[in-house]
Each structure stands twice: as structure tokens, then as C-alpha cells.
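Down below is the structure, laid out as C-alpha cells.
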Amino acid sequence: MRQFHGILGILVVFTVVCCGPKQNEGAGGAQPKDIIPAPVEYAVQPGIIRSDELARMPEKVRISEGAVRRRLKGRGLVDWQIKSAYWLEVGKKRVTIEAADPEGVFYARQSLKMLASLDSSVVCCTILDWPRFRHRGIMLDESRNFQGKDFVMKQLDMMALLKMNRFHFHLVDNPGWRLQIDAYPRLTQLTAWRPEPDFWDWEKDEVGGDFLEEGTPGAYGGYYTKQDIAEILAFAAERHIEVIPEIEMPGHNYETRAAYPDLACSLPEADRPDQWELCPGKESTYEFLEKVLLEVFDLFPCEYVHIGGDEAGKRNWERCPDCQARMKAEGLESVEELQSYMIRRMERFAHEHGKRIIGWDEILEGGLAPDATVMSWRGTEGGLRAIAEGHDVIFTPTTHYYLDYHQAPDQYRAAGRYQPLENVYAFDPMEEGIAEADAHHVLGVQGNLWTEWVHEAWHAEMMLYPRAFAIAETGWSPASRKDYPDFERRASAWAAVARKMGYTVYGQPN
Ligand code: ACM
Ligand code: ZN
């Protein structure tokens, strides 16, 4: 993410956002109308239960697809929605949950947890609920700043409470490679470590700085071992969250080239205007990528791998003899087609191993790989084009979902656009003119936290929350339930709970 940088202030001042009246003060208990994301259908019933008693009350769980389908009759739901749907009844004597699948039971329990933590009592009620979109995601950039396993697990916990279900793990990029790869140990022995903790101190003139050998005193960085990833995956799976790893290609590979210089185009240093691209001409580049991906496929059970594809400079390819030879041999007429050749080839490789690819919207240029899912980040145009070409899309536009942008004029370090909570909440992919017949191509929505400006864990959380609450609601709740003033009331209440749970949430502490 290189666009729109600019420091926007240095003071941490907790003001402005998310400071409506305190939730449920004297209101007589939490109700379904108080939770995030807003549930689809609910009713309150006579009776009120103390929240601490609720946790001890008997719970009757019934997993029956037939029963859930009968309850949901006439709502026009598709199979993946039914799998996540739940019926929850908070009665005076017991809690009843009905779902087609353990996933639905899990979501019912998240609603219950949220109700019980919002107030000291909960009003007896029923909820019938299901998600609107199947991808409700957060992306964390661990390359520019490395937070590590405990931080990730803590955010997975909050995502689960918000019924978010996709964690996009941006593990590799110019300032650091963060994943153990046995075939290429230099990636973590060298390029997981750098002299400067601060990204901007490290990056010089839009070009990366130096790396340090692992174990060098004072080196900043870190990486995930395969054991760490296995622990994160188990933790995520318990919360019905899928982890999608991103292995960037062909751009954003400054660190990869530092570890394995042969992966760059074979040009004299002075004749290499682009600093972070792999050479798509050399066969050895594909050998490298395939070996890396094989280890990634072995590690991550997810159906998808994200292959990046964004912001590759292509000037080296115009001059590189290997790139030129490849273009000639493959009948490619432009460097955009050369990138597309690489992405298509990696898609074929992924398919051979039972995987599908996701790429940033630049993968449209030069021709989209046949089965690729597009992550639309430069606004929504790329997403709309991909849908018109019959592809699936995840919307994560800079205009609404870039969580490195500041959320108030006085915010501590942040990238240079203004992205307050209301603006995040306002986005709805279906308002972009997508035909009903194409709606199934909209997989969902995702907030992206790039970390050029974000070093400390508390700062990362402050950028995530409360804005992730808004993305969760757009991802789960029906469009007809969206109501910003009401959301702000609920976000304020949930922010107070989240702070008690130990999260840093932007806005006035309540
Ligand atoms: C991106 O922000 N470069 C996807
Ligand atoms: Zn080349």
C-alpha cells in the first residue's frame, strides 16, 4: 500500500468518535437490538436474567438442518447461509440453540456472549439470524510491523465475537518475510530482520533499506514458525475463522530479492529502475514460487491462497533479456500480459493442488486468470469489471475499508486519508450497481490494516476498532437493518466492553 501516505498528526487524543449515550444505563437489560452485527429477526419476551446466571444456565443445543430449514422457509437462503444460521432462545430457565451445523451453534453463542457482556442482565428473547455475505474479513499486514501470535489470536477472538470469518494474513512484503519456509531458509534468517523498528526509518526514498542476520543484537523483526502457524490455525478453526495466507508476486518482493538476488531480473544494478519485482522471465522464479507455495499449501488448509499481484513496476521487464525471451516464446505483447502469464501459471499450479487464487485488482490487467477471485482495493471499479467477466469479488476499497487511514483529524500516526467510522459504515457493495443475478459473485467485504504507520499493538487495535465493528455489520446484517445512529449507539456500548476486555478502541472511553 503505497498511496496517500502522509503523517497526520502526532498526538494521541481520545475524542469525538463513538461517544453516544451509554448503552443500557438503566434500560433494564441487554436485548437483541443492542448487539453487533445487528441480528436479522428477533423478539423480546417477558422476563429478565442476570448475566452471571445466564452463563450457568442449562443450554439445549439441537443440530438439525431440517429444523433450521423449516424455520428459515421462504427467506430464500442458500446453503452456506443455512450452515451459519442459528435460532437462539434465551428463556427464564434455559438457553435453546438450534442450528444446521456447529458453525451456527458457534454464532448463537457469540450473540449470547455479547448480550451477557453488554449489561448485568439480559432480557428473555429469541433471535433467528444468518449472514448476508460469506467473506467477512480483516487483513493484517505483518510484514511492515510484526505483532506475533498472541496479538493475532487476540484479534481472532474479537473477530469471532463480531461473527467475522476470514483472516487475511499478509505475511510477506518488502520490509520483512514472516513465514518459515524450509526450502529457502534465508527468507527468515535474513529478511525477517532489519536495523530500524520504524518502517519509515527503514524505507529510504521509496526503496527498502537493509536487513540483518537473525540473532544480530538489536535487530527488529520476527517470523512465524510452522508450529506458530499451526497454533494460530487451530485457534482460528475453533472460532470458525478461515486463515488466508498471502504470498505476494511479482511485486512487493524487495525482501525476497535481498535473500535470493537471482530472483531479480538479470540487469546491471544501474539499469534496474524497479526495486521490488521478481523476474517473470526466468524459469527459476517459478521453481522458487512453486516450492514456497507447496509449503504454504501443506500448512494452510484454506481453499484459497492470495497471490498479491498489486503494484508491480514493469520497467525492468521491458529491458530484461529473460523477460523479453519469455514474452517472445509465449506470444505476449505487453509487460501486463507477462504479469498475467505469471498469475495464470500460478493459478494452474494452485489448481493442481486443489487450491484457488485471490489477487488484488491489478490481476485484471493483461487478462484475468480463469478462476481467480479479485480483491477490489482501488475503489470498486476493478471489482465491478471482474464481476462483469464472471469472477468472484471481495470488496476492500481504499475509499471505505483502509484502516491505516486516520479516523479523526488529531489521530496519532496514520496514513493520509480520512476514514471515520461513519464512512466505513456507509459502504455497501450492492449499492455499486451490481445486478441481482450477479450478487452471488460478491463474496463479501474486508477491512485492511496496513502497518507502515502502525508499530505498537495498542495502535494496531486502535486502527482496527471500532471500524471493524462497522465492517462486521455490513458483512452480516441485511442492508435494511443498517442505521448509522443506532449502530453508533451499539458501537459505543461494545467499545466499552471491548476496553474492559483489554482492547484499545479509538474514541472517547465510556
Ligand atoms: C494495496 O493496498 N497495495 C493492495
Ligand atoms: Zn526479467
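Any chance you could check the Cα centroid distance between the stretch 212-237 and the stretch 424-497 for me, in angstrom? What the calculation gives is 29 Å, centre to centre. Stokes-Einstein, applied to the Kirkwood radius of the stretch 433-510 over Cα pairs at a viscosity of 1.567 mPa s and 4 °C, places its translational diffusion at 91 µm² s⁻¹. Using a Förster distance of 56 Å, how high is the FRET efficiency between Glu41 and Asp298, based on the Cβ-Cβ distance and rounded to 0.05? Step by step, r from the Cβ atoms, then E = 0.85. Which FRET efficiency value, to the nearest 0.05, is calculated for His440 and His351 with the Förster distance at 22 angstrom and r the Cβ-Cβ distance? FRET efficiency, His440 to His351: 0.60. In the chain, the calculated helix contribution to ellipticity at 222 nm averages -10000 deg cm²/dmol per residue, counting -39,500 (n - 2.57) for every DSSP H run with n ≥ 4. Output the 0 to 90 degree angle, nearest 10, between the alpha-carbon long axis of helix 149-161 and the longest principal axis computed from the alpha carbons of the chain. Helix 149-161 and the main axis of the chain meet at about 40 degrees. Normalised by the number of residues in the chain, the average gap of Cα pairs under 8 Å and 6 or more apart makes the relative contact order 20 percent. Loop-located GluC sites (Glu not before Pro) across the stretch 209-248 with a Cβ neighbour count of 16 or fewer within 10 Å are Glu213, with loop assigned by DSSP. Stretching the chain fully between Ala67 and Trp200 yields a gain of 42.3 nm (0.36 nm per residue, less the alpha carbon separation).
Longest span of the chain, sites excluded, free of trypsin sites (Lys or Arg not before Pro) in DSSP loop with at most 14 other C-beta atoms within 10 Å? So the longest stretch without any such site is 95-510. Computed about its Cα centre, the charge dipole of the chain is approximately 2500 debye, with only Lys, Arg, Asp and Glu carrying charge at their Cβ.
In the chain, taking the dipole from charged Cβ atoms about the Cα centre, the farthest positive-side position among Pro466, Gln110, Met342 is held by Gln110. Note on Asp150 and Lys60: the model spin-label points, each 7 Å out from Cα along the C-beta direction, lie 4.3 nm apart. When DSSP beta bridges are restricted to pairs lying wholly in the chain, around 35% turn out antiparallel.
To the nearest ten degrees, helix 484-500 and the longest principal axis of the Cα atoms of the chain are 80 degrees apart. Against the chain, whose longest principal axis comes from its Cα atoms, helix 335-352 is set at around 60 degrees. Exposure proxy ranking for Thr216, Thr373, Thr380, based on other Cβ atoms within 10 angstrom of each Cβ and starting from the fewest, stands as Thr216, Thr373, Thr380.
Starting from the Cα of Lys60, draw a straight line to each of the aspartates and glutamates and keep only those under 14 Å, dropping any in the same chain fewer than 8 residues away. Within the straight-line cut-off, Lys60 pairs with Glu89, Glu98.
Computed from the coordinates by the stated procedures, all read-outs in this text should not be read as laboratory data. Source: prediction; values computed, not measured. All Cβ positions, glycine included, derive from the backbone under ideal geometry; neighbour counts span all protein chains shown.
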